[in-house]
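Enquirer: Structure in structure tokens, see below.
The values are calculated or read from the model by the stated rules, or taken from the named source; none is laboratory data. Since we're looking at a predicted model, the values are computed, not measured. Ideal geometry is used to build each Cβ from the backbone, glycine not excepted, and the neighbour counts take in all protein chains shown.
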Amino acid sequence: MTQQTQNSILWFKDISLTDRPLVGGKGGSLGELCSAGISVPNGYVVTTEGFKAYLDILDAGHGIRQKIAALDPDDVTTLNTVTSEIRALVEKSPPPESLAQVITEAYLELGDNIPVAVRSSATSEDSEEASFAGLQDTYLWQKGEAQLLDAVRRCWASLYNPESVAYRLRLDIPEDDLAMAVVVQTMVNSRCSGVMFTRSPTTGDKSVVTIEGSWGLGSSIVSGEVTPDKFVVNKITSEITGKNIASKAIEHLPDENGGIIERPVEEERQVVSCLSDEEIRELTAVARRVEKHYGCPQDIEWAIPHDSDANKTGVLLLQSRPETVWATKDKAPVAKPAAKAYDHIFNVMGAQLIKDKKSK
């Protein structure tokens with residue numbers, strides 16, 4: 001077993017944001033949430049060392065990295081062709097046996113045939129400077145060793161999605177500085193789930209928490225198939241100042257054979273709020289704790305499990321990342337003062353003084 005393979009697995013409880021080069025943005029954030037005492041479903045990360053051990057065999061001559069570095073992000077045809085070929089190669093190439101063994105051994109520690117979410121965690125994602133959210137892949141409700149290893153490979157392959165490659169080329173992120181970790185996290189059979197922002201995504205107001213939620217798994221919101229319920233809460237007083245209950249026609253639920261299925265929501269439940277006022281305030285309290293821990297506004301994924309799920313009560317967090325939209329606007333350069341009508345007088349006077357000085 002190589003040194004890389006030995007360092008290819010790290011559990012959430014043993015990592016923090018300082019380990020981002022090893023575990024990527026998602027992995028580092030999940031470890032950080034654990035250290036802050038926030039409830040997070042158990043799991044581990046297949047580290048960048050594992051990815052490098054895999055890539056060192058698959059791309060011993062650095063041909064893949066050289067092909068990516070040579071691409072023009074505006075040449076869409078070539079970009080799609082090259083990245084498609086690379087993804088196909090990664091998806092069909094199994095990891096070395098020693099690496100596959102440590103990945104599956106860790107999975108068995110989570111439980112017998114337990115369903116997991118397998119999520120890409122690139123080393124440059126979810127930072128305040130760049131967000132790769134949505135550019136790499138996530139696979140929900142994967143069960144068994146075969147599905148797990150296949151999902152890990154597909155996560156590695158998603159590093160070469162055309163959108164992700166074009167994004168990092170435009171940001172001049174070198175390929176040699178980039179690697180893909182993979183989060184393996186126990187799935188939550190959610191009664192409802194969603195996202196929340198500790199700064200209003202529409203106005204930038206830092207005094208409120210905005211919560212969006214729907215029935216079932218949060219993938220229905222991420223995919224845009226459901227318009228979620230929306231709640232606005234005063235961050236200081238916990239007063240619920242806004243409610244918009246949407247008609248939620250479908251929900252995503254776990255498939256017994258792995259993956260997720262879409263199911264119609266019963267008519268009487270479609271226009272019922274997916275969250276009680278008590279749960280809204282509980283989510284707000286968690287959001288405040290997370291923002292205080294990180295020291296900046298956050299974009300948070302949450303889930304509330306079914307009451308029937310053993311040992312699972314209350315709010316669970318699946319991810320937290322820095323809010324980037326308004327943070328980017330805050331960093332925009334301040335406009336120069338507008339010209340005043342009399343500015344030209346001072347300019348003319350200054351020019352004349354210089355001219356007079358030179359003529360003496």
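Enquirer: SER190: touching a strand residue (DSSP E or B) at 6+ places or on another chain (Cβ under 9 Å), crowded, with 22+ Cβ neighbours inside 10 Å and hydroxyl-bearing (Ser, Thr, Tyr), yes or no?
Expert: So SER190 passes the test.
Enquirer: Among the residues of segment 42-71, write down those that are in contact (Cβ under 8 Å) with a residue 12 or more places away in the chain and either not in a helix (DSSP H, G or I) or not assigned by TED's automatic domain parsing to the domain that holds LEU148 (or both).
Expert: Correct list: ASN42, GLY43, TYR44, VAL45, VAL46, THR47, LEU71.
Enquirer: Follow-up. Do the conditions hold for LEU217, that is, is it in contact (Cβ under 8 Å) with a residue 40 or more places away in the chain, within 26 Å of ASP56 (Cβ to Cβ) and of a type in the set (A, V, I, L, M)?
Expert: Judged against the criteria, LEU217 is not a match.
Enquirer: Ok, one more. Does any residue of segment 240-248 turn out to be more than 20 Å from TRP302 (Cβ to Cβ) and either more than 27 Å from the chain's Cα centre (by Cα) or assigned by TED's automatic domain parsing to the domain that holds THR210 (or both)?
Expert: Yes; the residues of segment 240-248 include at least one that is more than 20 Å from TRP302 (Cβ to Cβ) and either more than 27 Å from the chain's Cα centre (by Cα) or assigned by TED's automatic domain parsing to the domain that holds THR210 (or both).
Enquirer: Let me ask something else. For a quick check of your reading of the model, give me the residue pairs whose first member lies in segment 315-344 and is more than 17 Å from ILE211 (Cβ to Cβ), whose second is modelled with pLDDT of 80 or more and acidic (Asp, Glu), with beta-carbon atoms closer than 8 Å and at least 6 apart or on different chains.
Expert: PRO322/ASP299; THR324/ASP299
Enquirer: Right, next: Quick one: would you say SER220 is among the small types (Gly, Ala, Ser), assigned to a helix (DSSP H, G or I) and not assigned by TED's automatic domain parsing to the domain that holds GLU109?
Expert: yes
Enquirer: Would you mind finding the one in GLY37, GLY28 that is loosely packed, with under 14 Cβ neighbours inside 10 Å and either under 23 Å from ALA287 (Cβ atoms) or in contact with a strand residue (DSSP E or B) (Cβ under 7 Å, 6 or more places away or on another chain) (or both)?
Expert: Testing whether each residue is loosely packed, with under 14 Cβ neighbours inside 10 Å and either under 23 Å from ALA287 (Cβ atoms) or in contact with a strand residue (DSSP E or B) (Cβ under 7 Å, 6 or more places away or on another chain) (or both) leaves just GLY37.
Enquirer: Also, quick follow-up: Just for segment 73-122: of the residues that are more than 19 Å from ALA166 (Cβ to Cβ), in a helix (DSSP H, G or I) and of a type in the set (Val, Ile, Thr), which one is nearest to the chain's Cα centre (by Cα)?
Expert: ILE103
Enquirer: Only one of these conditions is not met by SER214: (1) assigned to a strand (DSSP E or B); (2) polar (S, T, N, Q); (3) more than 25 Å from the chain's Cα centre (by Cα). Which number is it?
Expert: That leaves (3) as the condition not met.
Enquirer: To continue, here is another question. Provide a single number: the residues in segment 270-290 that are surrounded by 12 or more Cβ atoms within 10 Å (Cβ to Cβ) and over 22 Å from the mean Cα position of the chain (by Cα).
Expert: Residues flagged as surrounded by 12 or more Cβ atoms within 10 Å (Cβ to Cβ) and over 22 Å from the mean Cα position of the chain (by Cα) within segment 270-290 amount to 11.
Enquirer: Can GLU32 be described as in a helix (DSSP H, G or I) and touching a His at 6+ places or on another chain (Cβ under 9 Å)?
Expert: The answer is yes for GLU32.
Enquirer: So if I check each of SER35, SER39, which one is within 20 Å of the chain's Cα centre (by Cα) and free of Cβ contacts under 8 Å to residues at least 60 places away in the same chain?
Expert: Only one candidate passes the filter, namely SER35.
Enquirer: State whether one or more residues within segment 291-314 are under 23 Å from the mean Cα position of the chain (by Cα), free of Cβ contacts under 8 Å to residues at least 12 places away in the same chain and part of a strand (DSSP E or B).
Expert: No; the residues of segment 291-314 include none that is under 23 Å from the mean Cα position of the chain (by Cα), free of Cβ contacts under 8 Å to residues at least 12 places away in the same chain and part of a strand (DSSP E or B).
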